[in-house]
Amino acid sequence: MVEGPVMNGFADNGGAGALLRLMRDGRPRTRSELAALTGLARSTITQRVEALLGANFVLPVGEATSTGGRPPTQFAFNPAARVTLSADIGATHARMAATDLAGEVLAEHRDDLDVALGPVPVLEWVVATSHELLAKVGRTLTDLLGVGIGLPGPVEHSSGRPVNPPIMPGWDNFDVQAYLTEHLGVVALVDNDVNIMALGEHFTQWPTAAHMMFVKVATGIGSGLISHGRLHRGAQGAAGDMGHLQLPHGADIVCRCGNTGCLEAVASGAAIAARLTEQGLPARSSQDVVALARGGSVEALHLVRQAGRDIGEVLAAAVSLFNPSIIVIGGSLAQAGEHLIAGVREVVYRRSLPLATQDLRIVQSRTGDRAGIIGAAVMVIDHALAPMQVDTHIFASPPPRVS
Ligand SMILES: [Zn+2]
């Protein structure tokens, strides 16, 4: 059985890592099927399957039906080969999970935790919770593929260091990767909270969407961009930071960043809470705004809808620049119901050109508050199981290359 054309990248230098990437879809296949799919010789496939079996990354899974003789064995990716640990650190609470290599959450833990305590107390919590979660799922540090962490501020992804994070005193330029690698002995990857949410939402809900935009509307506003199926971080990791784009009609409102008229200063959960409080409806957080909106407060519903329109103004520009096929609205304020999305749709569809919006969908996040931990796990799995990483770190001797 042949599954379409022979895959690129196998002919000369695709090692066991490239074969593993192909098998991560979980489908059981025989050696012949793998040979047909990759264009590699049967002997090469046998060798690489042996290597993957040896590392426990694939398992024999029963036998394929055969027309005669001994039925050939099928092999499939083994998601239980290793585990990952992922952390989603918010402003005032934190969540961690242990997942398998398919991104399935095996155990989870959530605590109130103030990110403003500084890096060492927060990362001590991450390390302690890591050990608890590993014990809970019956695994040890030797089973750990890596650890991924999302932080509520700008992060330079290549170095894993936060850069002038506004709500994270003491974290500026702290080497989060080095700290976690030192204490857990594995690769650690760091990104901002919105990027990992975008990854989690894309992986679980829209895996075939090549161009997706995830917008988090909570205390602040930010977005993560998926381009050609991968996270687009930009030159410094700052891509998608839309909260500080200026709204034409917001000019007199001062933002925490020091500028005036930022989207976040006008349309975030914090901004709406402040407006409601001025109107005599005490609200301190996005959650309070959601509670008022769900309780039917006309003032809250009106402000949430207007926030949706304001966000839509900025998104209309983003749609023209980036042309996504789907925009997912998440974050705590998205739980206020349809009003936020209705406001976004109203403006985006009116302000963008027809070619960009003819197939554009604007939907609510389905992953909710788990998007971050799943996305942080996916970030680790995609990195550590990339063919090059697998061949150089897991199978110390890469296959000979044709020169
Ligand atoms: Zn600002």
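Observations on the structure shown:
- Annotation: per residue accessible area for the chain equals 45 Å², rounded to a whole number [probe 1.4 Å, protein chains only].
- Looking at the chain, the DSSP beta bridges with both ends there are about 60 percent antiparallel.
- DSSP-loop chymotrypsin sites (Phe, Trp or Tyr not before Pro) across the stretch 130-196, with at most 12 other Cβ within 10 angstrom: none
- Accessible surface of the stretch 223-350, 1.4 Å probe, proportion on carbon and sulfur as whole %: 52
- Whole-Hz ³J(HN,Hα) from phi, Karplus 6.51 cos²θ - 1.76 cosθ + 1.60, for the stretch 320-334, glycine and proline x: 5, 7, 10, 6, x, 9, 8, 10, 9, 9, x, x, 4, 5, 5
- Here the 3J(HN,Hα) profile of the stretch 72-84, calculated from phi with Karplus coefficients 6.51, -1.76 and 1.60 at θ = phi - 60°, is x, 6, 9, 10, 9, 4, 10, x, 8, 4, 9, 10, 10 Hz, Gly and Pro shown as x.
- Chain lengthening between Ala251 and Arg350 when straightened (0.36 nm per residue, less Cα-Cα): 33.4 nm
- Amide H contacts under 5 Å for Gly148: Leu85, Ser86, Ala87, Leu189, restricted to partners 5 or more places along the chain or on a different chain, H placed in the peptide plane at 1.01 Å from N.
- In this Cβ point-charge picture (+1 for Lys and Arg, -1 for Asp and Glu), the stretch 74-226 has a dipole of about 260 debye about its Cα centre.
- Relative contact order for the stretch 188-306, counting Cα pairs under 8 Å that sit 6 or more residues apart, in percent: 16
- Per DSSP, loop chymotrypsin sites (Phe, Trp or Tyr not before Pro) in the stretch 300-403 with at most 12 further Cβ within 10 Å: none
- Within a Gaussian network of the chain (alpha carbon springs, distance under 10 Å), most fluctuating of Asp172, Asp100, Asp252: Asp252
- Over the chain, Cα pairs under 8 Å with separation of 6+ residues give a relative contact order of 16 percent.
- Added length on full extension, which subtracts the Cα-Cα distance from 0.36 nm per residue, Val120 to Ala317: 67.0 nm
- Cα-centre dipole for the stretch 202-300 with unit charges at Cβ (Lys and Arg positive, Asp and Glu negative), debye to 20: 340
- Selected from Thr357, Met168, Met197, residue furthest toward positive end of dipole (the chain; charges at beta carbon): Thr357
- Local electrostatic count at Arg256 - Lys and Arg +1, Asp and Glu -1, tallied over other residues with Cβ under 15 Å: -2
- Taken one residue at a time, the phi angles of the stretch 92-108 give Karplus couplings (6.51, -1.76, 1.60, θ = phi - 60°) of 10, 8, 9, 9, 10, 9, 9, 10, 8, 7, 9, x, 7, 6, 9, 7, 9 Hz. Gly and Pro are set to x.
- Relative to the longest principal axis of the Cα atoms of the chain, the long axis of helix 371-384 lies at roughly 40 degrees.
- Relative to the longest principal axis of the Cα atoms of the chain, the long axis of helix 269-278 lies at roughly 20 degrees.
- Helix 193-205 and the long axis of the chain differ in direction by around 60°, with both axes built from C-alpha atoms.
- Put a plus charge on the Cβ of each Lys and Arg, a minus charge on the Cβ of each Asp and Glu, and nothing anywhere else: the dipole of the chain about its Cα centre is then about 1020 debye.
- Think of the chain as a dipole: +1 on every Lys or Arg Cβ, -1 on every Asp or Glu Cβ, centred on the Cα centre; then among Leu151, Ser32, Ile326, Ser32 lies furthest on the positive end.
- Computed on the stretch 319-403, with alpha-carbon pairs under 8 angstrom and 6+ residues apart, the relative contact order is 33 percent.
- Distant-in-sequence amide H partners of Val58 (H built 1.01 Å from N, under 5 Å): Leu53, Asn78
- Along the chain, the exposed loop sites are trypsin sites (Lys or Arg not before Pro) outside DSSP states H, G, I, E and B with at most 13 other Cβ atoms within 10 Å, and the longest stretch free of them is 1-283.
The values are calculated or read from the model by the stated rules, or taken from the named source; none is laboratory data. Source: prediction; values computed, not measured. Note that each Cβ is placed from the backbone with ideal geometry, even for glycine, and that neighbours are counted across all protein chains shown. Ligands, DNA and RNA are stripped out before the accessible areas are found, and what is left, the full protein with its side chains, is counted by its heavy atoms. Shrake-Rupley method; radii C 1.70, N 1.55, O 1.52, S 1.80 Å.
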